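Engineer: This structure is in structure tokens; I'll ask about it shortly.
The values are calculated or read from the model by the stated rules, or taken from the named source; none is laboratory data. What you are looking at is a predicted structure, and each value in this text was computed from that prediction instead of being measured. So basically every Cβ, Gly included, is an ideal-geometry build from the backbone, and we count neighbours across all protein chains shown. Ligands, DNA and RNA are excluded from the accessible area calculation, which covers all protein heavy atoms including side chains. Shrake-Rupley method; radii C 1.70, N 1.55, O 1.52, S 1.80 Å.
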Protein chains: 2
Amino acid sequence: MTPSAFQVLASDGAARRARLTTPHGDVETPIFMPVGTQGTVKSLTPADLRDAGAQIVLGNTYHLFLRPGHELVAALGGLHRFMGWDGPLLTDSGGFQVFSLSKLRKISEEGVSFRSPVDGSARMLTPELSIEIQQALGADVIHPLDECLAYPVTRAATEASLALTLRWAARAQAVHRDGSKPGVALFGIVQGGVYEDLRRRAVEETVALGFDGYAIGGMAVGEPKAALHQLTALVAGLLPPDRPRYLMGVGKPDDLVEAVARGVDMFDCVLPTRNARNGQAFTADGPVTIKQARYTRDPAPLEPSCSCYACRHFSRAYLRHLFMAEELLAYRLLSLHNLTFFLELMGAMRAAIATGAFAAFRTRFLERYRVSSDLVPPWSSDRGQDLS
Amino acid sequence: MTPSAFQVLASDGAARRARLTTPHGDVETPIFMPVGTQGTVKSLTPADLRDAGAQIVLGNTYHLFLRPGHELVAALGGLHRFMGWDGPLLTDSGGFQVFSLSKLRKISEEGVSFRSPVDGSARMLTPELSIEIQQALGADVIHPLDECLAYPVTRAATEASLALTLRWAARAQAVHRDGSKPGVALFGIVQGGVYEDLRRRAVEETVALGFDGYAIGGMAVGEPKAALHQLTALVAGLLPPDRPRYLMGVGKPDDLVEAVARGVDMFDCVLPTRNARNGQAFTADGPVTIKQARYTRDPAPLEPSCSCYACRHFSRAYLRHLFMAEELLAYRLLSLHNLTFFLELMGAMRAAIATGAFAAFRTRFLERYRVSSDLVPPWSSDRGQDLS
């Protein structure tokens, strides 16, 4: 990727309005990427994703490696064609999943060996194989295998893990240089846990290796909210300004706004789709738990100003009925609404940054969102797979 | 409903091409009605139903009575508005469901008492209440509560049951006359089990009561296929030619063709949606069981000539992957395809009847469909709820 493939169009404080160019089209940032774990954003079609305003979709290397297998996807023309999404695709490295999902995993200098939860087979993921899988899938933005630590972890263990991640990153680069199609971007992943000096070192050494963009990894894994914001600001502030910054696995709507304020350009998270399947809808007034009795006869849409199909056609009462009756349509309509909400939020932030009005937008959004969301219990951690 | 609300446009043998006029629009027959058990055709939106070619949707009185309750639906503007379907709606009487789903049911002259599977509450459904529920839902075509027998049942029990169904039908008529909106059609239900003389008597006495249309009930409940065809021909042949004929709960694609050949105009069945969720796709060459290994790398769509979104965008390999990974999108795409297949089949029959080519169509369709479908194991009984 040439430097011109990422262009900062406007800045407002640390927040940036930019454009990422990929072989499958441009991505206007800041952007949120719906998570298509197993070759589908759960319950939704590519047409739905377009309607929701999606520009780029994330695929999970780990999951597609195990089922249906990257060779099968490649034989059928690549992940774009397989899943019917012709826009930009980003794949993660498989690192987060292999560490959070696999039993009996064993880490070595070579890579990670583990048992497949799909069929029990013995598997090994190496930095080389991770890139080869992502090349076979045909993603536009790919990542080197990294070790993703849980929270909390000692400083010594974090330091050793960071060193391994950096050695793996160099190995991934070699495979990328040799085999990736022109225009495919390899993003480096900045680890370092909650230790500021390690995060600084991680930025320095990752940038020294030289990548097309930079992901901030190992966040939203259970650390305090203050640490998330502080480390995001630290890392984003140290990264080269002419490259995209991607905060992996984040997050809640207020976290997105806070991270954009700190200079982050790209996000992914399972929250809009996973919480939809748990009956939670996101609105500007905070989350709505649709099964609550107060919505039983509520004729209003989830969000009157929302343009999604669910809000244009159905009442909260109907959505609640579908959810209580465990109807598949409930999960689909709430997923569509939530993604629309996340993507409209990103669009509103892009517009605010472009006109120098981001600070005011941030204050207004957070005030309205937080006041209301305090009324409902907080939901569980926002990082994870979009599986169950 | 005035007699002009059903107009026979063409005949070809016993097959009819007709038009049913309802307060929510016309229905071109022969027609298949997707089943919207709980106020939704599972996994699909009204827009999907339109895309599939649906003209009229069936709602289940029993299910909507229990959850969310007809009063709630009425308070929210009726079932059309509640579920976002502005076309014609037909509701069944609740009879089939109360007899097949409810534990501890007790039948009396007054009606059926049972326990709600939703919340365990004691409920009673009477001929009067059944009509009141359907009026509250706002359906365009409604039915009197009937006793739907299993198979086999003795002649004596069938005769007694038929007499009860006829007494209930008269009570339903009274409530309909007093309280239904103008244009709402009440169809009588012809029972009588597998006994030809009882079916004759059922037609005679039901027609004597006088209804806007006639449903053939108590079929596809386990009787031999020959009995289904034979009794359908018998009953359809005795019913008044100027009224619509609806064969309840039927059926498989070949059964639809055979029943149209015997003079039936309307059908409903859970097969296209329920079998979709079990991984079965209907095609002109017979059913496809998508999980079979032979589709693992199959780049072809389910049916090359099909116009549905699934066939226009996805390979059998992708649909198989979604199904094996238990992705919600699998159920949705297969449901959409199956309904499209059923509705295109009805459209093809309408065109064939209109041009006097139905006999040739029937032979051609059955030859192609049956040859292929013999390759896969037959699936289970096609009557039932669209629930699991």
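Engineer: Semi-axes of the equivalent ellipsoid for the protein assembly as shown, please: Cα gyration tensor eigenvalues, times 5, square-rooted, ordered largest first, whole Å. Don't skip to the answer; put the middle values down first.
Structural biologist: Details: eigenvalues 634, 155, 93 Å².
Value: 56, 28, 22 Å, ordered largest first.
Engineer: Here's another thing I want to ask about it. Based on Cα coordinates alone, diagonalise the gyration tensor for the range A:240-377, multiply each eigenvalue by 5, take square roots, and list the semi-axes in whole Å, largest first. Spell out each step's value before the answer.
Structural biologist: Values: eigenvalues 165, 47, 33 Å².
Semi-axis lengths for the range A:240-377 are 29, 15, 13 Å.
Engineer: Along the principal axes of its C-alpha atoms, what lengths does the range B:1-70 span, in descending order and rounded to whole Å?
Structural biologist: For the range B:1-70, the Cα extents along the three principal axes come out at 42, 27, 21 Å.
Engineer: Another question about this same structure. Multiply the residue gap between residue B:229 and residue B:124 by 0.36 nm, knock off their C-alpha separation, and tell me the result in nm, one decimal place. All intermediate terms of the calculation are to be shown ahead of the outcome.
Structural biologist: Details: separation 105, 0.36 × 105 = 37.80 nm, distance 3.43 nm.
Gain on extension, residue B:229 to residue B:124, equals 34.4 nm.
Engineer: Radius of gyration and Dmax for chain A's Cα atoms, expressed in Å?
Structural biologist: Final numbers for Rg and Dmax: 20.1, 61 Å.
Engineer: GNM on chain B, C-alpha springs below 10 Å: top fluctuator among B:118, B:288, B:221?
Structural biologist: It is B:118.
Engineer: Another question about this same structure. What does the accessible area of residue A:252 come to, in Å² to the nearest 10, when a probe of 1.4 Å is used?
Structural biologist: 40
Engineer: First measure r as the distance between the Cβ atoms of residue A:170 and residue B:151, then evaluate 1/(1 + (r/R0)^6) with R0 = 51 Å and state the FRET efficiency to the nearest 0.05.
Structural biologist: Numbers: r = 72 Å, r/R0 = 1.41.
Efficiency at R0 = 51 Å is approximately 0.10.
Engineer: Assuming a ≥ b ≥ c are the square roots of the Cα gyration tensor eigenvalues, decide whether the range B:136-226 counts as rounded (a/c under 1.5), prolate (otherwise, with a/b larger than b/c) or oblate.
Structural biologist: prolate
Engineer: Here's a follow-up. Cut-off 10 angstrom, C-alpha nodes, Gaussian network model of chain A. Which of A:147, A:204, A:326 fluctuates the most?
Structural biologist: The residue with the greatest mean-square fluctuation here is A:326.
Engineer: Under the Kirkwood approximation applied to all pairs of distinct alpha-carbon atoms, what is the hydrodynamic radius of the range B:181-222 in Å? Can you show the working numbers first?
Structural biologist: Values: mean 1/r = 0.0910 Å⁻¹.
About 11.0 Å, per the Kirkwood formula over Cα pairs.
Engineer: Could I ask something else about it? Under a crude label model (7 Å from the Cα following the beta-carbon direction), how far is residue A:110 from residue B:196 in nanometres?
Structural biologist: Result: 7.8 nm between the two label points.
Engineer: Can you give me the three principal axis dimensions of the range A:235-294 from its C-alpha atoms, in Å, biggest first?
Structural biologist: Each principal axis gives a Cα extent; for the range A:235-294 these are 50, 19, 13 Å.
Engineer: Could you tell me what fraction of 2.2 N^0.38 Å the Cα radius of gyration of the range A:210-321 comes to, as a two-decimal ratio? Let's see the in-between values first.
Structural biologist: Numbers: Rg = 17.5 Å, N = 112, 2.2 N^0.38 = 13.2 Å.
Computed over Cα atoms of the range A:210-321, the ratio equals 1.33.
Engineer: Measure out, as a whole number of angstrom, how far apart the alpha-carbon centroids of the range B:266-329 and the range B:37-57 sit.
Structural biologist: 18
Engineer: Same structure, new question: Could you tell me how far the Cα centroid of the range B:344-362 sits from the Cα centroid of the range B:75-104, in Å?
Structural biologist: Between the Cα centre of the range B:75-104 and that of the range B:344-362, the gap is 31 Å.
Engineer: Still on this structure, please answer the following. Which distances in nm, rounded to one decimal and ordered from shortest, link the label point of residue B:294 to the equivalent label points in the other identical copies, with labels set 7 Å from Cα toward Cβ?
Structural biologist: Label point to label point, same position, other copies: 5.7 nm.
Engineer: At 37 °C and 0.692 mPa s, what whole-number value in µm²/s does Stokes-Einstein give for the translational diffusion of the range B:281-327, with Rh from the Kirkwood sum over Cα pairs?
Structural biologist: For the chosen part, D equals 309 µm²/s.
Engineer: Shortest first, in nm, what separates the label point of residue B:156 from those of the same position in the other copies (7 Å along Cα→Cβ)?
Structural biologist: Nearest first, the other copies' label points are 8.9 nm away.
Engineer: Suppose you put the label 7 Å out from Cα in the Cβ direction; list, shortest first and in nm with one decimal, how far residue B:370 is from each other copy's label.
Structural biologist: 7.2
Engineer: Can you give the accessible area of residue B:63, probe radius 1.4 Å, in Å² rounded to 10?
Structural biologist: About 20 Å², rounded to the nearest 10.
Engineer: At 222 nm, what helix-only mean residue ellipticity would the protein assembly as shown give, in deg cm²/dmol to the nearest 500, using -39500 (n - 2.57) for each DSSP H run of four or more?
Structural biologist: On the way: 30 runs with 336 residues, N = 776.
Dividing the helical sum by the residues of the protein assembly as shown leaves -13000 deg cm²/dmol.
Engineer: Work out which helices of chain B, taken as complete DSSP H runs, extend at least 24 Å along their axis over the Cα atoms and score a mean Kyte-Doolittle of -1.0 or more, then list them. Intermediate values should be presented prior to the final figure.
Structural biologist: Numbers: long enough: B:155-179 (36 Å, -0.21); B:328-354 (39 Å, 1.14).
Long hydrophobic helices here: B:155-179, B:328-354.
Engineer: Next question. Can you compute the modelled spin-label distance between residue A:278 and residue B:348, with each label point 7 Å from Cα toward Cβ, in nm?
Structural biologist: 4.7
Engineer: What's the Kirkwood radius of the range B:95-161 in Å, using all Cα pairs?
Structural biologist: Values: mean 1/r = 0.0765 Å⁻¹.
13.1 Å is the Kirkwood radius here.
Engineer: Let me ask another. Would you work out if the range A:98-137 is rounded, prolate or oblate? Take a ≥ b ≥ c from the square roots of the eigenvalues of the alpha-carbon gyration tensor; rounded if a/c is under 1.5, else prolate when a/b is larger than b/c, oblate otherwise.
Structural biologist: Numbers: a/c = 2.19, a/b = 1.33, b/c = 1.65.
The shape class here is oblate.
Engineer: Report the gain in length on full extension from residue B:208 to residue B:14: 0.36 nm times residue separation, minus Cα-Cα distance, nm rounded to one decimal. Working shown, then result.
Structural biologist: On the way: separation 194, 0.36 × 194 = 69.84 nm, distance 2.27 nm.
Result for the pair: 67.6 nm of gain on full extension.
Engineer: If you don't mind, another one. Mind running the shape call on the range B:41-152? Use the C-alpha gyration tensor, a ≥ b ≥ c as the square roots of the eigenvalues: rounded below 1.5 for a/c, prolate if a/b tops b/c, oblate otherwise.
Structural biologist: Prolate is the answer for the range B:41-152, as a/c is 1.5 or above and a/b outweighs b/c.
Engineer: Between the range B:191-224 and the range A:174-247, how far is it from one alpha carbon centroid to the other, in angstrom?
Structural biologist: Here the answer is 73 Å between Cα centres.
Engineer: Ignoring everything but the protein chains, give the 1.4 Å probe accessible area of residue B:41 in square angstrom, nearest 10.
Structural biologist: 0
Engineer: For the pair residue A:181 and residue B:305, what calculated FRET efficiency results from E = 1/(1 + (r/R0)^6), where r is the Cβ-Cβ distance and R0 = 25 Å, to the nearest 0.05?
Structural biologist: Working: r = 35 Å, r/R0 = 1.39.
Between residue B:305 and residue A:181 the formula returns 0.10.
Engineer: Right, next: Among A:336, A:209, A:145, determine the one that fluctuates most according to a GNM of chain A built with springs between C-alpha atoms less than 10 Å apart.
Structural biologist: Per the Cα network of chain A with a 10 Å cutoff, A:209 tops the list.
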